[in-house]
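Below is one structure, written out as C-alpha cells; the observations come after it.
The values are calculated or read from the model by the stated rules, or taken from the named source; none is laboratory data. It should be emphasised that the depicted structure is a prediction, and the values quoted were computed from it without experimental measurement. Neighbour counts run over all protein chains shown; Cβ positions are idealised from the backbone, glycine included. Accessible surface areas use protein heavy atoms only, side chains included; no ligands, DNA or RNA. Shrake-Rupley method; radii C 1.70, N 1.55, O 1.52, S 1.80 Å.
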Amino acid sequence: MRGKGLLKGLRTTARVLARGAHTRQYPHEQPALPERSRGVIALLEENCTSCMLCARECPDWCIYIDSHKEELPQEGDAPRGRPRLVNKLDRFEIDYSLCMYCGICVEVCPFDALFWAPEFAYAEGDIRNLLHDKERLGGWMEQVPPATLPEGYRPGTVDEGGER
C-alpha cells in the first residue's frame with residue numbers, strides 16, 4: 001500500500017517538474033503589466049485648476065497644492081465688467097511615503113488632471129526622496145495608457161494659453 005502512495009507522489013512531482021518555471025528574474029526581465037495597473041499617479045499639469053478636490057478627499061493628506069491667481073487677457077473688443085481670473089499651479093506634490101494608492105484623488109478630479117501610470121520601479125534609498133513634485137509627476141504622463149487619456153489629448157501639444 002505504501003508503494004502506491006510513493007509512486008503517485010513521484011508521478012505528481014515529475015509532472016510539475018516538466019511544466020517549467022513560472023517565475024521571472026525581475027531586475028533583468030520586466031513584468032508585462034496590464035494596461036490599467038496602478039503604479040504611480042501622473043499629473044497632466046495643464047488640466048489642473050488647483051481646485052484642491054484631490055487634496056481634500058485624500059484620506060492620507062499626502063497631496064500638497066499651492067497656486068496663485070492670474071488675469072486672463074480679454075479676447076476681442078468686448079469689454080467686461082471684471083477681468084477673468086484663473087488659478088495657476090505653483091506647487092503640486094505627492095508624498096508617496098504616505099500614499100496608500102487608493103485612487104480617490106484620480107476618481108474625484110473633475111478636470112482629468114490625474115491618471116494612473118503603470119510605473120512601479122521608483123524606489124528610493126531615503127524616505128525623504130519620495131516627495132515627488134509636479135515635474136516628476138508630469139514625466140509619467142508618457143506612460144499613461146491611451147485608453148485612459150482625455151479625448152483628443154496628444155502629448156506635447158499645448159500652446160502658451162494652456163489650450164490644446
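Shape class for the chain: prolate, because the ratio a/c of the largest to smallest gyration tensor axis (alpha-carbon atoms, square roots of eigenvalues) is 1.5 or more and a/b beats b/c. Computed on the chain, with alpha-carbon pairs under 8 angstrom and 6+ residues apart, the relative contact order is 28 percent.
Rounded to the nearest 10 degrees, the angle from helix 2-19 to the longest Cα principal axis of the chain is 40 degrees.
Accessible area per residue for region 31-148, computed on protein heavy atoms with a 1.4 Å probe, is 61 Å². Given only helices, namely DSSP H runs of n ≥ 4 each adding -39500 (n - 2.57), what is the per-residue ellipticity at 222 nm of the chain, to the nearest 500 deg cm²/dmol? Counting only the DSSP helices, I get -5500 deg cm²/dmol. Among 34-40, 122-128, 136-142, sorting by the average number of other beta carbon atoms lying within 10 angstrom of each residue, highest first, gives 136-142, 34-40, 122-128. Phi-derived couplings, Karplus 6.51 cos²θ - 1.76 cosθ + 1.60 at θ = phi - 60°, listed residue by residue for region 88-97: 10, 6, 9, 9, 9, 10, 10, 8, 6, 6 Hz, with x used for Gly and Pro.
Taking Cα centre as origin and charging only the Cβ of basic (Lys, Arg, +1) and acidic (Asp, Glu, -1) residues, the dipole magnitude of region 1-144 rounds to 1660 debye. Between the beta carbons of Tyr153 and Gln25, assuming R0 = 45 Å, the FRET efficiency works out to 0.80 to the nearest 0.05. Ordered from highest to lowest accessible area with the whole protein assembly present and a 1.4 Å probe, Thr23, Thr13, Thr148 read as Thr23, Thr13, Thr148. Cross-link partners of Lys88 among lysines, defined as those whose alpha carbon lies under 29 angstrom from its own and excluding same-chain residues fewer than eight positions apart: Lys69, Lys134.
Look at the dipole of the chain built from charges on Cβ: of Val86, Cys99, Ala113, the Cα furthest out on the positive end belongs to Cys99.
For region 1-153, with all protein chains in place and a probe radius of 1.4 Å, 53% of the accessible heavy-atom surface sits on carbon or sulfur.
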